[in-house]
Amino acid sequence: MADVTDATFQTQVVERSKTLPVVVDLWASWCGPCRALGPILERVIADTGGKVELAKVDVDTNVAVAQAFGVQTIPAVFALVDGKVVDQFIGAKPEAAVRQFVEALLPTVEETEVQRLVAKGDETSLLAALELEPDNADAVVALAELYAGSGRSEEALALLQRVPSSVETRRVAALARLGNEPAQAGDDPSARLDALLERVRDDPAARQEFLDMLELLGPDDPRTLTYRRALTTRLF
């Protein structure tokens, strides 16, 4: 259990919920139903053995969090997974109802097994994970990266079609398409990017290679923005 403030909410709740479910209890010391519900939440969440965490927010001293949830009545309880609210209830509840609410947040046996297999990271384990959950994004990306690294580019690209586009899928797709190009391995790809830039208007293959190299540089590399602007100038 953690007492969370406006200042720590992002780290202790939003970011933490990307690792395991977090139940947020918005309460106040003057609220009788809050005092009744609080110990029940603490007991039920303690029974999960660390698989769910409780974050308590005093709405009197942490107005920003209360406003973010749009709270008008307390106690108000919200469950977050992966940074998003997945369930909620308002008012005091009996222990049986609270237990049902919390238990619904626990991973199923199948989900736990998928997580274990993805964490192992070898091809056999990742294939087994995808047998259980064919569209698991973590397993798809990890296996596609293995394929890309071993020269199985077409398999990698086909596999990535199973999941929505993301920063990670685009990065691995770029790895798959570039393969073992010398330009990929170089410490400074600027010379290759400059050469490709001369051909991007009329050569689709050059344009794709140029874009793939920028994906591998990543958004934090200052060269990425510079070259994207240069590409826009050349094309338009």
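Of everything in segment 180-200 that's outside any helix (DSSP H, G or I) and surrounded by 13 or more Cβ atoms within 10 Å (Cβ to Cβ), which residue is modelled with the lowest pLDDT? Out of the qualifying residues, it is GLU181. If you filter segment 1-35 down to residues that are assigned to a strand (DSSP E or B) and free of Cβ contacts under 8 Å to residues at least 60 places away in the same chain, you find that the one that is surrounded by the fewest Cβ atoms within 10 Å (Cβ to Cβ) is ASP3. PRO134 falls short on exactly one of the conditions (1) in contact (Cβ under 8 Å) with a residue 24 or more places away in the chain; (2) surrounded by 12 or more Cβ atoms within 10 Å (Cβ to Cβ), and that condition is (2). Taken over segment 87-142, the criterion of being hydroxyl-bearing (Ser, Thr, Tyr) and under 23 Å from THR169 (Cβ atoms) is satisfied by THR124, SER125.
On the given criteria, is VAL167 aliphatic (A, V, I, L, M), buried (at least 17 other Cβ atoms within 10 Å of the Cβ) and assigned by TED's automatic domain parsing to the domain that holds ALA129?
Numbers: aliphatic (A, V, I, L, M): yes; buried (at least 17 other Cβ atoms within 10 Å of the Cβ): no; assigned by TED's automatic domain parsing to the domain that holds ALA129: yes.
Criteria not met by VAL167.
Within this structure, ALA173 passes the test of being of a type in the set (Gly, Ala, Ser), surrounded by 12 or more Cβ atoms within 10 Å (Cβ to Cβ) and either assigned to a helix (DSSP H, G or I) or on the phi > 0 side of the Ramachandran plot (or both).
Identify, from the list LEU117, LEU126, the residue that is surrounded by 13 or more Cβ atoms within 10 Å (Cβ to Cβ), touching a Ser or Thr at 6+ places or on another chain (Cβ under 6 Å) and not assigned by TED's automatic domain parsing to the domain that holds PHE9.
Values: LEU126 fails: touching a Ser or Thr at 6+ places or on another chain (Cβ under 6 Å).
Criteria check complete, one pass: LEU117.
If the condition is being assigned to a loop (DSSP other than H, G, I, E, B) and within 19 Å of the chain's Cα centre (by Cα), then segment 109-128 contributes only GLY121. Screening LEU216, LEU159, LEU130, LEU126 for residues that are touching a Lys or Arg at 6+ places or on another chain (Cβ under 7 Å), closer than 29 Å to VAL114 by Cα and at pLDDT 90 or above leaves exactly one candidate, LEU216.
In segment 114-128, the residues that are farther than 20 Å from GLU155 by Cβ reach residues that are in a helix (DSSP H, G or I) with C-beta atoms within less than 6 angstrom, at least six apart or across chains, in these pairs: VAL114/ALA129; VAL114/LEU132.
The values are calculated or read from the model by the stated rules, or taken from the named source; none is laboratory data. Bear in mind the structure is a predicted one, so any value in this text is a computation, not a measurement. Positions of Cβ are backbone-derived with ideal geometry, glycine not excepted, and every protein chain shown enters the neighbour counts.
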